[in-house]
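Here's the structure, in structure tokens; my notes come after.
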Amino acid sequence: MRQIHQIQPQLHALEVALPDFSVRGVVIIGERYAAIWDTLVSPADMAALQPLVGDKAFHVIYSHAHYDHIWGTQGLWATPLSICAHANCLEQFGGDAQRTLQQMREEAPGMWDDVILHPPDLTFDTRLDLDLGGITLELHHLPGHSEDCIVGWLPDWGVLLGGDAIETPLPVVNDARSIRPWLQALEGWAANPELRLTIPSHGVFNGRRCLESTIGYLRCLLDGDDFDLPAQLDPFYRDTHKQNLQLVKADLLSDD
């Protein structure tokens, strides 16, 4: 199931429901250009965005190279001006991204035959700014969930696109050693008085709450405190929380 939500006149979110979770992409419409933040899971996901973008030329941004953020690119109706991502994201296309596609094709024959991987052609290390005409989209490296994770900042609107660096009810940790710098980076964004809305790729968003919730969760992991989990927690996030705790425990044991 796919749903488009208008956040404000030039900013829309496309949500796609998967069996275990939902994922969200974002479309920004500038005066000259548009930007598509993540192409989601399937080429079919992109058809819903064409009426929003119209005839404008557009950039594509990958928040990181996990399959639920990059597999829809083949479904775009025109060639993007650029496909932007962190430099480490490009490296994944010759390794993990290709292996994931091959594995999922083997697990579900025929289901992913229309997916063609399109690697980034414009990469950066720390920051890249895109002028869309009247709107600037700043791309900032924020590793944590993965080494290639980025966030997008729209200073004209006070909106932060969180990718998987921010997630409710809790984020997915893949390396316990990433928690401290990840947390510090998020705290830096939380200190920005201009930030009024954070849009994560997964989970609900409401003002700054999802940012603050992710900070609180990572802080509890780092300090070994209990986090007040929702009473009704989906199996995916229940398992994720257990795995996060195991990663932290294993990291502590390795330091002994």
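Data for the structure
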{"read-out": "Rounded to the nearest 10 Å², the accessible area of GLU194 at probe 1.4 Å", "value": "120"}
{"read-out": "Dipole-positive endmost among GLY95, ILE179, GLY54 within the chain (Cβ charges, Cα centre)", "value": "GLY54"}
{"read-out": "Burial order of peptide ranges 58-69, 226-237 (average beta-carbon count within 10 Å, highest first)", "value": "58-69, 226-237"}
{"read-out": "Full-stretch length increase - GLN246, ARG219 - with 0.36 nm per residue and alpha-carbon distance subtracted", "value": "8.1 nm"}
{"read-out": "Helical mean residue ellipticity (222 nm; -39500 (n - 2.57) per DSSP H run of 4+; nearest 500) of the chain", "value": "-8500 deg cm²/dmol"}
{"read-out": "Solvent-accessible heavy-atom area per residue, rounded to whole Å², over the chain at 1.4 Å", "value": "46"}
{"read-out": "Hydrodynamic radius (Kirkwood) for the range 159-234, which is based on Cα pairs only, to one decimal in Å", "value": "12.6"}
{"read-out": "Equivalent ellipsoid semi-axes - Cα gyration tensor, the range 102-157, angstrom", "value": "32, 15, 11"}
{"read-out": "Cα Rg, Dmax, the range 24-129, angstrom units", "value": "13.6, 44"}
{"read-out": "Nearest-0.05 FRET efficiency for ASN174 and SER22, computed from C-beta distance (R0 25 Å)", "value": "0.80"}
{"read-out": "Hull shadow area, averaged, the range 7-81 [alpha-carbon convex hull, nm²]", "value": "4.8"}
{"read-out": "Area of LYS249 that stays accessible when all protein chains are in place (1.4 Å probe, Å², to 10)", "value": "130"}
{"read-out": "In nm, spacing of pseudo-spin labels at ASP131 and ASP228 (7 Å Cα→C-beta vector)", "value": "4.7"}
{"read-out": "Orientation-averaged projected area, Cα convex hull of the range 46-196 (nm²)", "value": "10.2"}
{"read-out": "Fraction of accessible area attributable to carbon and sulfur, the chain (%, probe 1.4 Å)", "value": "48"}
{"read-out": "Residues ASP156 and GLN98, FRET efficiency given R0 of 30 Å [Cβ-Cβ distance, rounded to 0.05]", "value": "0.20"}
{"read-out": "Ordering of 152-164, 181-193 by packing [mean C-beta count within 10 Å, highest first]", "value": "152-164, 181-193"}
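The values are calculated or read from the model by the stated rules, or taken from the named source; none is laboratory data. A quick note: this is a predicted structure, and the numbers were derived from the prediction, not measured. A quick note on method: Cβ atoms are made from the backbone with ideal geometry, for glycine too, and the neighbour counts reach across all protein chains shown. Accessible surface areas use protein heavy atoms only, side chains included; no ligands, DNA or RNA. Shrake-Rupley method; radii C 1.70, N 1.55, O 1.52, S 1.80 Å.
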